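Working notes for the structure below.
The values are calculated or read from the model by the stated rules, or taken from the named source; none is laboratory data. Everything numeric in this text was worked out from a predicted model, so none of it was measured. Cβ atoms come from the backbone with ideal geometry, glycine included; neighbour counts cover every protein chain shown. Just so you know, the surface numbers come from the protein's heavy atoms only, side chains and all, with ligands and any DNA or RNA stripped out. Shrake-Rupley method; radii C 1.70, N 1.55, O 1.52, S 1.80 Å.
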Amino acid sequence: MKDILSEIIANKRFEVDLQKQAISIEQLQEGISEMPSSRSMKQALISSSPGIIAEFKRRSPSKGWIKQEARPEEIAPAYAAAGASALSILTDEKFFGGNLKDIRAARPLVDIPILRKDFIIDEYQLYQAKIVGADAVLLIAAALKPEKCNELVKKAHDLGLEVLLEIHSSEELTYINEKIDMVGINNRNLGTFFTDVENSFRLAGQLPQDAVLVSESGISDPQTVKRLQTAGFRGFLIGETFMRTTQPGNTLGNFLQAIQ
């Protein structure tokens, strides 16, 4: 079976190289000093219940287009008004139909933390995240060697960004250390894109007791959120369940009511 993650990472290296030619890292560094302080996504998840991280996503490699004409300036405020604890905005263009402009458009309209969700392999992308107004970044264990992951965590913190570390298997538990802000369990295998929400339950007991845990992908039922809460999860990253509907914000509002 074709490994989708390998294809995405190969394209990402090419993409970042092109971006560096257009705007140097020095130019990004110059703009960082003018950016306001970040909001804490970790604190937002700890202090709010049920900790829904509502995702803005136009397409996926496995499902194709979900909402091709989706506009962040409409959906992000609707998510915030409905009660989202944080936003996840996909910025990969080729495979997910997003870009950095989506965060830039949403940022002035919401006062909750924004996660840049992408396949981050280079510190250049951390500077990009900071300059468009993201508060946190996703780092994917399956896409990074442990040493590179640690380097990116340090650089993210230097820039005032929090880190959501994503793992999928027990083999990736070694990526977790005290520097990680939040630990995400991806219920989707990024090689095959097969999704199984039970993956969160399988790994929950193997994670540090004090970790802020986030379950990602495949969550479509409020009852599943309740079960995950019992297993120790504080955050729930949900996108497709909301984005496939006419009014994603209203769908989130109804979802939250069903949890309470």
* Does ILE23 qualify as being closer than 24 Å to HIS157 by Cα, in contact with a strand residue (DSSP E or B) (Cβ under 9 Å, 6 or more places away or on another chain) and open to solvent by 10 Å² or more (accessible area, probe 1.4 Å)? -> no
* Give me the pairs: first residue in the range 219-237 and over 25 Å from LEU90 (Cβ atoms), second residue open to solvent by 70 Å² or more (accessible area, probe 1.4 Å), beta-carbon distance under 6 Å, and six or more apart or on different chains, which are they? -> none
* Asked: For LYS12, are the conditions met, namely being modelled with pLDDT of 95 or more, open to solvent by 40 Å² or more (accessible area, probe 1.4 Å), closer than 24 Å to LEU139 by Cβ and basic (Lys, Arg)?
  -> no
* Only one of LEU228, LEU237 that is part of a helix (DSSP H, G or I) and open to solvent by less than 40 Å² (accessible area, probe 1.4 Å) -> LEU228
* **Selection within the range 215-260 - over 18 Å from TYR79 (Cα atoms) and of a type in the set (A, V, I, L, M)** => LEU228, ALA231
* All positions within the range 35-65 that are at pLDDT 95 or above, open to solvent by less than 40 Å² (accessible area, probe 1.4 Å) and not charged (D, E, K, R) -> MET41, ALA44, LEU45, GLY51, ILE52, ILE53, ALA54, PHE56
* Can you pull out the residues in the range 177-209 that are touching a His at 6+ places or on another chain (Cβ under 9 Å), farther than 23 Å from GLU162 by Cα and modelled with pLDDT of 85 or more? -> ASN199
